[in-house]
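Undergrad: I'd like to ask you about the structure that follows.
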Amino acid sequence: MTIQEAMNARHSVRQYKNRPLGDEVIAALNQEIAACNRESGLHIQLVTNEPKAFSNMMARYGKFSGVTNYLALIGKKSDNLDELCGYYGERLVLLAQQLGLNSCWVAMTYKKIPQALEIGPGEKLTVVIALGYGVTSGEAHRSKKPQQVSSVSGPAPQWFQKGVEAALLAPTAMNQQKFKFTLEGSQVEAKAGMGFYSKIDLGIVKYHFEQGAGKDRFTWR
């Protein structure tokens with residue numbers, strides 16, 4: 001599965017089968033987690049066979065079931081922590097999709113289990129991502145039009161169009177898609193709208209945009 005195919009196939013999934021992750025899948029995820037942590041300075045962790053985080057009433061209210069594996073997005077407190085977690089978390093989400101897994105970003109409807117995590121001084125857990133083999137593959141939700149989330153003077157180059165289309169495939173909080181991409185020359189500006197977890201969403205959609213547009217086509221402004 002290519003990264004584009006993974007973006008198309010990925011949908012949020014909340015119900016999972018009672019099927020553990022295989023050793024090869026865990027090894028592939030941990031290898032990519034290590035690479036993400038080196039690049040970003042984050043402290044992302046994979047938690048496996050841990051059912052307590054999604055056994056509380058909030059998780060049931062969020063219609064989660066069977067979740068025993070998740071990514072914990074942890075890092076040093078900073079102004080750009082949320083965006084970093086969104087960017088690198090989505091990189092791992094798409095790898096998980098390529099490995100045959102399903103996933104769901106989870107901001108509130110879980111319980112922090114301290115003994116399952118390593119949170120260092122000055123670090124915080126921002127969000128988690130449920131992982132596993134879904135009961136279903138999820139379904140697509142209504143999406144905004146490209147012109148609603150982008151701005152360009154004159155005809156938009158194909159790479160920019162592809163970047164925006166890829167960004168519209170990204171998961172965002174409450175599926176609100178509160179972001180905007182603006183093209184000036186070969187520079188792209190990405191802005192987050194107002195709302196809960198908008199900075200995490202910004203990191204997620206920027207990763208998608210890069211995959212669709214090609215990182216060598218532009219620079220971020």
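Undergrad: Using a 1.4 angstrom probe on heavy atoms only, work out the carbon and sulfur share of the accessible area of region 64-221 in %.
TA: 49 percent
Undergrad: Can you give the alpha-carbon Rg of region 113-188 over 2.2 N^0.38 Å, where N counts its residues?
TA: In units of the 2.2 N^0.38 Å rule of thumb, it is 1.58.
Undergrad: Now, a different point. Where does each of Arg221, Arg10, Arg38 land when they are ordered by accessible area, with a 1.4 Å probe and the largest first?
TA: Arg38, Arg221, Arg10
Undergrad: Taking the solvent-accessible surface of protein heavy atoms with a 1.4 Å probe, what is the per residue accessible area of region 1-71 in Å²?
TA: That works out to 57 Å² for each residue.
Undergrad: Next question, about the same structure. How much length, in nm to one decimal, is gained on full extension between Ala27 and Thr182, taken as 0.36 nm per residue of separation minus their Cα-Cα distance?
TA: Once the chain is fully extended between Ala27 and Thr182, it gains 52.0 nm.
Undergrad: Let me ask you something else. Report the far tail of the P(r) of region 145-221, meaning the percent of Cα-Cα pairs longer than 15 Å.
TA: 47 percent
Undergrad: Let me ask something else about it. Roll a 1.4 Å probe over the protein heavy atoms and report the accessible area of Asp201 in Å², nearest 10.
TA: Surface open to solvent at Asp201 totals about 20 Å².
Undergrad: Let me ask something else about it. Could you tell me which of the pairs Lys145/Lys199; Lys63/Lys124; Lys124/Lys215 are separated by over 23 angstrom between their Cα atoms in the structure shown?
TA: Lys63/Lys124; Lys124/Lys215
Undergrad: Under a point-charge model restricted to the Cβ atoms of Lys and Arg (+1) and Asp and Glu (-1), what is the dipole moment magnitude of the chain relative to its Cα centre, in debye to the nearest 20?
TA: 680 debye
Undergrad: Now, a different point. Of Glu5, Glu24, Glu189, Glu50, which has the most accessible area and how do the rest follow, probe 1.4 Å?
TA: Glu24, Glu5, Glu189, Glu50
Undergrad: A further question follows. Give the shape of region 17-138 as rounded, prolate or oblate, defined through the alpha-carbon gyration tensor: a ≥ b ≥ c are the square roots of its eigenvalues, a/c under 1.5 means rounded, and otherwise the shape is prolate if a/b is larger than b/c and oblate if not.
TA: oblate
Undergrad: In what sequence, largest accessible area first, do Met7, Met108, Met174 appear using a 1.4 Å probe?
TA: Largest accessible area first, the residues go Met174, Met108, Met7.
Undergrad: Just the number, please: Stokes-Einstein D of the chain in µm²/s, Kirkwood Rh from C-alpha pairs, 4 °C, 1.567 mPa s.
TA: It diffuses with D of about 73 µm²/s by this estimate.
Undergrad: Which whole-number percent is the relative contact order of region 1-123 (Cα, under 8 Å, 6+ apart)?
TA: 37 percent
Undergrad: Moving to a separate point now. Do any trypsin sites (Lys or Arg not before Pro) in region 85-176 lie in a loop, going by DSSP, with at most 10 other beta-carbon atoms within 10 Å of their beta carbon, and if so which?
TA: Sparse-neighbourhood loop trypsin sites (Lys or Arg not before Pro): Arg142.
Undergrad: Something else now. Quick one: how many Å² of Leu92 are accessible to a 1.4 Å probe, rounded to 10?
TA: 0 Å²
The values are calculated or read from the model by the stated rules, or taken from the named source; none is laboratory data. Remember, predicted model here, so these are calculated numbers, not experimental data. Backbone-built Cβ (ideal geometry, glycine too); neighbour counts: all protein chains shown. Each accessible area value is taken on the protein alone, full model and side chains, heavy atoms only, with ligands, DNA and RNA left out. Shrake-Rupley method; radii C 1.70, N 1.55, O 1.52, S 1.80 Å.
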